Structures are given as C-alpha cells and as structure tokens.
Amino acid sequence: MTATALLRSTRQFPVAAGLLLLASAAVHTVVLLLSGGPWDGPVSWRKPITFGLSFGVSVLTAAWICRLLPLAARTRALLLSAFTAASLLETGLITLQAWRGVPSHFNTETAFDTAITRVLAAGGVTLVVVVVALTIAALRPNPAAAPSMRLALRAGLVALTASMATGAVMIVRGLMLGGAGRLAEAYQSAGFLRPAHAVTMHAVLLLPALAWLLSRTRRPEVERLRLIRITIAAYGAVVALVTAAALAGLAVATPATTAAVSAGLTMAPALAFLSFGGSPKDTGRRKTA
C-alpha cells in the first residue's frame, strides 16, 4: 500500500468510527431516558453513553492531531488505526455487557465475562501504548508547527498520558479486589480516580483547538505562546485540585457524575471547534502580525 493510500484510509476509518461512537452515545442516551434505568452503579446505560462520547471525541481528535505531529505516513497509519480499533473494541464490549445487564469491568462470573474483562484490559494497554508513542512524537522537534501549537500538543498529550495512567490504576485496583473475592468493593471503590481521569482526557483537543483559534487572530506568535502557557497553568491547577479531591474522597456527587461533568466541561468547547472550527489541512505556521 502506498503512503497516499495509507493517508486516505487513516482519514476515512477514524472519522467514520468516531461518528459511529458518537451516534451510539446518542442512541443510548435515548435508551436511558426511555428505560429510566440507574445512572450510577456497575450496570447502567451511563457506561455506553460516556464511553461512546469520550472515545468518539478521542478518535476524531487523534485523527486531527496525528497530522500535526512529526510522524512518517506508515507510523501515523499504524498508530491511528490501533487507537481507533481499540476504542471501538472497548466501547463495543462495554455496550454489549450493558445490553446483557451485567457489569463490564472486573466481571469474572462466567468464562465469557472473564474473557471480556481480559479483552477490555488488553484494549486499555493498546490505548496506553499508542498514547505514549504519540506523546514521544510530540516531544520531538517539529518546525512545521508554530511554537504555541507545539506546546499545546505536548501539554495535551502529556495530560492524555496522565489520563491513561489513572485509568490503568483504577483497572489494576479493581482486578486486584476482584481477584481477592471482593467484587462488590471493586465495583464501589475502583473508580475513585474517575474525575481526574475525565478532566485530563480531552485536554489533547482543548489546548490545540485554542492554539489553532489563536492562530486565526492578529496576535503575534509570542503573545499566542504566552496565552497557551497561561491556559496550561490554569488547566494544570484544575487537574491538581480535582485529583487531590478524588484522592481525599471529597466530592459533591458520585464519582460517575463528577467524571461526566468534568469531561463535559472539558470537551464541550473543543468539540464545538472540531465540528465547526478549523480544517485539519490548515496546520501550517501563520505569519505573525
């Protein structure tokens, strides 16, 4: 397959997959409203909604930012395809378990449920590997991007790596509790870092989106870079507060609700940008005023 064909396929597959995941979230929102089922708990329509929305946005984000990173065409195609496939797998299995009326994570009640739990863990490992690879790429020199965009990409991917790390911690904690026969405790307490996981997940779209929007203004690059630095510092402070509150067990709502609100506040402006804002092709350096 030629590099051109690879690029074409990596544009079509992630976009179609991302839209499919968002559509799944919308459908399951209707299902939740019609069924009146619980929002919290290990068995809830919340899970296909939140995973479909988060992974849908994440896949579309990856399709955009991969074009801004210094990656060879084949490497970009491999990483983006792996991220997309793992996102579809994770959301698909979580959705399947929701329709079966059983927990998706830490569930070892039957051989089938155990297999799904293990596949979910393997999908999580794949996502972590891809995100780390993208973060390493972002840390390399990239003269094709403006300094403000380079910094936004680096900070966003570092935040996403932190999100993957908190997710891994929760999965390991849940598996350990489940393996010790404390399954009820795993369902209740393993998700204690969900707010921190949610608030760090979509910085990788929010920060580069802000950098892109600033590049459409007449502000000189030195000022755009300063604004990105201020935004990163403010964002870091929010992440620190949310994480500290999660570790201390402080919350005004359940972890699931807090995570959904955190993700929504982080995601909403960036998703608007992805839908109506910049063109992925317009990634070059804008001349300073």
Report summary line: Note on residue 230: of the conditions (1) loosely packed, with under 15 Cβ neighbours inside 10 Å; (2) modelled with pLDDT under 65, unmet is (2)
**Report entry** Filter pass, residue 13 being more than 26 Å from residue 199 (Cβ to Cβ), surrounded by 15 or more Cβ atoms within 10 Å (Cβ to Cβ) and of a type in the set (A, V, I, L, M, F, W, C)
**Finding:** yes
Report task. Scan the stretch 66-93 for residues that are buried (at least 23 other Cβ atoms within 10 Å of the Cβ) and among the β-branched types (Val, Ile, Thr) and jot them down. Result -> 84, 91
Requested in this report: Looking only at the stretch 81-99, decide whether some residue is part of a loop (DSSP other than H, G, I, E, B) and of a type outside the set (Phe, Trp, Tyr).
Outcome: no
**Report entry** Any hit, the stretch 110-119, residues being in contact with a helix residue (DSSP H, G or I) (Cβ under 6 Å, 6 or more places away or on another chain), surrounded by 15 or more Cβ atoms within 10 Å (Cβ to Cβ) and in contact (Cβ under 8 Å) with a residue 40 or more places away in the chain
**Finding:** no
Report task. Would you mind telling me which numbered condition in (1) of a type outside the set (Gly, Ala, Ser); (2) at pLDDT 85 or above; (3) assigned to a helix (DSSP H, G or I) residue 69 fails? Result -> (3)
Query - Among the candidates 169, 131, residue that is under 25 Å from residue 246 (Cβ atoms), touching a residue at least 12 places away in the same chain (Cβ under 8 Å) and crowded, with 18+ Cβ neighbours inside 10 Å - result: 131
Query raised in the report: Given the structure, is residue 275 hydroxyl-bearing (Ser, Thr, Tyr) and at pLDDT below 70?
Result: yes
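Confirm whether residue 155 is at pLDDT 95 or above and either part of a helix (DSSP H, G or I) or surrounded by fewer than 20 Cβ atoms within 10 Å (Cβ to Cβ) (or both). Talk me through it step by step, then tell me what you get.
On the way: at pLDDT 95 or above: yes; either part of a helix (DSSP H, G or I) or surrounded by fewer than 20 Cβ atoms within 10 Å (Cβ to Cβ) (or both): yes.
Yes.
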Report task. Being closer than 23 Å to residue 22 by Cβ, small (Gly, Ala, Ser) and within 20 Å of the chain's Cα centre (by Cα) is the filter here, so list the residues in the stretch 77-124 that pass it. Result -> 77, 81, 82, 85, 86, 87, 92, 104, 123, 124
Report task. Identify all residues within the stretch 16-43 that are surrounded by fewer than 18 Cβ atoms within 10 Å (Cβ to Cβ) and polar (S, T, N, Q); write none if there are none. Result -> 29, 35
Report task. Within the stretch 25-43, work out how many residues are closer than 18 Å to residue 55 by Cβ and under 21 Å from the mean Cα position of the chain (by Cα). Result -> 5
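Is it fair to say residue 219 is over 30 Å from residue 175 (Cα atoms) and basic (Lys, Arg)? Show your work before the answer.
Details: over 30 Å from residue 175 (Cα atoms): yes; basic (Lys, Arg): yes.
Yes.
Among the residues of the stretch 198-212, is there at least one that is among the β-branched types (Val, Ile, Thr) and at pLDDT below 65?
Filtering the stretch 198-212 down to residues among the β-branched types (Val, Ile, Thr) leaves 199-200, 204.
Filter once more, so that each one left must be at pLDDT below 65: none.
No, every residue in the stretch 198-212 fails to be among the β-branched types (Val, Ile, Thr) and at pLDDT below 65.
The values are calculated or read from the model by the stated rules, or taken from the named source; none is laboratory data. All of these numbers come straight from a predicted model, not from anything done at the bench. Positions of Cβ are backbone-derived with ideal geometry, glycine not excepted, and every protein chain shown enters the neighbour counts.
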